[in-house]
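Enquirer: Attaching a single structure in structure tokens format; questions to follow.
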Amino acid sequence: MPEVEPLLSGKSVVFRARPNGEVVLELSLDDLADILEFRYAMPWNKSKDIMEKAALIIADVVYILQNVEGKVDKALLLDMVKKRKYF
């Protein structure tokens with residue numbers, strides 16, 4: 001299981017494997033907004049605690065990436081995070 005670190009990169013979050021730095025996934029702000037709207041049933045830009053929720057989502061993505069073998073299908077990962085299927 002590789003260790004994964006999230007990095008903010010412009011208008012996206014890049015998840016890199018450590019220590020080699022290989023990019024394993026990139027989520028755009030639209031991807032994150034889509035997850036927030038689905039998971040919390042609210043417009044993503046209206047919430048007072050939006051950054052906390054975004055941090056929870058990023059932590060969930062890191063958890064999945066660190067506990068899966070091989071390359072992750074982005075659509076499947078987004079569905080898993082939206083529905084919290086990985087717990």
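The values are calculated or read from the model by the stated rules, or taken from the named source; none is laboratory data. Owing to the predicted nature of the structure, the values given are computational and were not obtained by experimental measurement. Note: ideal-geometry Cβ built from the backbone for every residue, glycine included; neighbour counts use all protein chains shown. SASA here: full protein model, heavy atoms, side chains in, ligands and nucleic acids out. Shrake-Rupley method; radii C 1.70, N 1.55, O 1.52, S 1.80 Å.
Enquirer: Residues of segment 3-17 being charged (D, E, K, R) and farther than 10 Å from Leu65 by Cα, which ones? Walk me through how you get there before you give the answer.
Expert: Of the residues in segment 3-17, the ones charged (D, E, K, R) are 3, 5, 11, 16.
If the condition is that a residue be charged (D, E, K, R) and farther than 10 Å from Leu65 by Cα, then Lys11 is the only one that fits.
Enquirer: A further question on this structure: What residue, among those in segment 73-87 that are assigned to a loop (DSSP other than H, G, I, E, B) and closer than 16 Å to Arg39 by Cβ, is most open to solvent (accessible area, probe 1.4 Å)?
Expert: So the first thing to find is which residues in segment 73-87 are assigned to a loop (DSSP other than H, G, I, E, B), and the list is 73, 84-87.
Now restrict to residues that are closer than 16 Å to Arg39 by Cβ: 84-87.
On the way: Arg84: 113, Lys85: 117, Tyr86: 30, Phe87: 164 Å².
Among residues in segment 73-87 that are assigned to a loop (DSSP other than H, G, I, E, B) and closer than 16 Å to Arg39 by Cβ, the one most open to solvent (accessible area, probe 1.4 Å) is Phe87.
Enquirer: May I ask you to say which residue of Ala33, Ala54 is modelled with pLDDT under 85, closer than 15 Å to Pro6 by Cα and open to solvent by less than 30 Å² (accessible area, probe 1.4 Å)?
Expert: Only one candidate qualifies: Ala54.
Enquirer: Identify all residues within segment 25-34 that are assigned to a helix (DSSP H, G or I) and free of Cβ contacts under 8 Å to residues at least 24 places away in the same chain; write none if there are none.
Expert: Leu29, Asp30, Ala33
Enquirer: Would you pick out the residues in segment 51-72 that are closer than 14 Å to Leu27 by Cβ and outside any helix (DSSP H, G or I)?
Expert: Within segment 51-72, just Val72 meets the criteria.
Enquirer: Considering only segment 5-24, I want to know if a residue exists there that is in a helix (DSSP H, G or I) and either modelled with pLDDT under 90 or touching a helix residue (DSSP H, G or I) at 6+ places or on another chain (Cβ under 8 Å) (or both).
Expert: Among the residues of segment 5-24, not one is in a helix (DSSP H, G or I) and either modelled with pLDDT under 90 or touching a helix residue (DSSP H, G or I) at 6+ places or on another chain (Cβ under 8 Å) (or both), which makes the answer no.
Enquirer: Please state which of the following conditions Val4 fails to meet, knowing it meets all the rest: (1) touching an Asp or Glu at 6+ places or on another chain (Cβ under 7 Å); (2) within 13 Å of Val72 (Cβ to Cβ).
Expert: Going through (1) touching an Asp or Glu at 6+ places or on another chain (Cβ under 7 Å); (2) within 13 Å of Val72 (Cβ to Cβ) one by one, Val4 breaks only (1).
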